[in-house]
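What follows is a set of notes on a single structure, which appears directly below.
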Amino acid sequence: MTLLELTDVTASYGPVRVLDGVSLSVPEGGAVGILGANGAGKTTTLRAISGTVRAGGRISFDGRDIRGLRADRVAALGIAHVPEGRGTLAQLSVLDNLRVGAYLRKDRKAISNDIDYCLALFPQLRDRITSSGAALSGGEQQMLAVARAFMAKPRLLLLDEASLGLAPAVAKTVYDAIGRLRRESGITMLVVEQNANLAFTLVDTATVLETGHNVLTGSAAELKGLDEIRRAYLGG
Ligand SMILES: Nc1ncnc2c1ncn2[C@@H]1O[C@H](COP(=O)(O)OP(=O)(O)O)[C@@H](O)[C@H]1O
Ligand SMILES: [Mg+2]
């Protein structure tokens, strides 16, 4: 079943159109990548889905048209957005960030189990449980951002450049944990990455954006084999 479907999505900042017909389809339980250079429109595509920029075209989630819904309504339907730049709450402790992630939930026992699960998935966070978000390293902040989004028990996780600014080994640790989260929880994922090598460790299929529209879509295995992908995104 298709969980999320974008058809000819457009978006603008003021007079400047930056999405010019983005289409993609994310099956329930799948993980789909959005690749592309800086400025291609990857972040704006996620914002269009989560209701933080106005969009045209059609955005359907679980068979329902969600385009134009307010961001809080979209979140309540089960879409969690880990924005570029992480978006952890700097003043709050790690534990309180995780609790805030679960603010729409009432199931206290399950919330407590899910906090334990996050701390097992990201053991570094367990050691920093009382530290404020601001005191964490970049890698720890990224782990916390992912864990906080998971605490909402979303059906769809939108991840924006989880590797940005991280040392390669740290980025790999973050992606390994996201891969484990995917296998163990079955959460559907839409993953924006400039680092295609990392994205291909996680996603089944991907689409490449250039100046606001799709130029290529295929399975991770197909895309990895293409010369133009290797040259532009895989360093050779
Ligand atoms: N808040 C904004 N206001 C005006 N222009 C923006 C804003 N955010 C992004 N843009 C522009 O929109 C285009 C797409 O940006 P973005 O979606 O962030 O691309 P990507 O995530 O692929 O790097 C770029 O040309 C960028 O400069
Ligand atoms: Mg971006």
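Residues considered: 184, 84, 28. Largest GNM mean-square fluctuation over the chain, using C-alpha springs under 10 Å, is found at 184.
Give the relative contact order (percent, whole number) for the chain; include only Cα pairs under 8 Å separated by 6+ residues. Write down the numbers at each step before the final one.
Details: 453 pairs, mean separation 63.4, N = 236.
Normalised by residue count, the contact order of the chain is 27 percent.
Comparing 204, 72, 20 in a Gaussian network model of the chain, where Cα atoms under 10 Å apart are tied by springs, the biggest mean-square fluctuation is seen for 72. A DSSP coil position with no more than 15 other Cβ atoms inside 10 Å describes the following chymotrypsin sites (Phe, Trp or Tyr not before Pro) in the stretch 41-127: 103.
When only the Cβ of Lys, Arg, Asp and Glu is charged (+1, +1, -1, -1), the dipole of the stretch 112-170 relative to its Cα centre reaches about 140 debye. Taking the inverse of the mean reciprocal distance over all distinct Cα pairs, the Kirkwood hydrodynamic radius of the stretch 162-236 comes to 13.2 Å. Averaging Cα coordinates gives a centre for the stretch 191-210 and one for the stretch 11-73; these two points are 16 Å apart. Positive end of the charge dipole of the stretch 106-176 (Lys, Arg +1 and Asp, Glu -1 on Cβ, about the Cα centre): tell me which of 138, 154, 174 has its Cα farthest that way. So the residue furthest toward the plus end is 154.
A Cβ-based charge dipole, computed about the Cα centre of the stretch 10-69 with Lys and Arg at +1 and Asp and Glu at -1, lands at about 200 debye. Packing here is the average count of other Cβ atoms within 10 Å per residue, and on that basis the peptides 219-225, 150-156, highest first, run 150-156, 219-225. Approximating the spin labels as points 7 Å out from Cα along Cα→Cβ, the residue 106-to-residue 120 distance works out to 2.7 nm. The lysines whose alpha-carbon is closer than 29 Å to the alpha-carbon of residue 42, local same-chain residues fewer than 8 away aside, are 153, 172, 224.
Spacing of the modelled spin labels on residue 127 and residue 70, each 7 Å from Cα toward Cβ, amounts to 4.2 nm. Neighbours of residue 33, meaning other residues whose beta-carbon lies under 9 angstrom from its beta-carbon, give a summed charge of -2 when Lys and Arg score +1 and Asp and Glu score -1.
Please compute the net charge surrounding residue 172, taking Lys and Arg as +1 and Asp and Glu as -1 over other residues with Cβ under 14 Å from its Cβ.
Around residue 172, the surrounding residues sum to -1.
Mean residue ellipticity, 222 nm, helices only, the chain: the sum of -39500 (n - 2.57) across DSSP H runs of n ≥ 4, divided by residue count and rounded to 500, is -11000 deg cm²/dmol.
Each of 31, 194, 98 was placed along the dipole of the chain (beta-carbon charges, centred on the mean Cα), and the one lying farthest toward the positive end is 98.
Were the residues from residue 16 through residue 231 laid out at 0.36 nm apart, the gain over their Cα-Cα distance would be 74.5 nm. Comparing mean-square fluctuations of 54, 70, 108 from a GNM of the chain with C-alpha springs under 10 Å, the top value falls on 108. What shape does the stretch 112-195 have by the C-alpha gyration tensor, where a ≥ b ≥ c are the square roots of the eigenvalues, rounded means a/c under 1.5, and otherwise prolate means a/b greater than b/c and oblate the rest? Oblate, because a/c is 1.5 or more while a/b does not exceed b/c.
Each reported figure results from applying straightforward, stated rules to the coordinates on display, with no laboratory input. This structure is a prediction, so every number in the text was calculated from the model and none was measured. Counting neighbours? That spans all protein chains shown, and the Cβs are built from the backbone with ideal geometry, glycine included.
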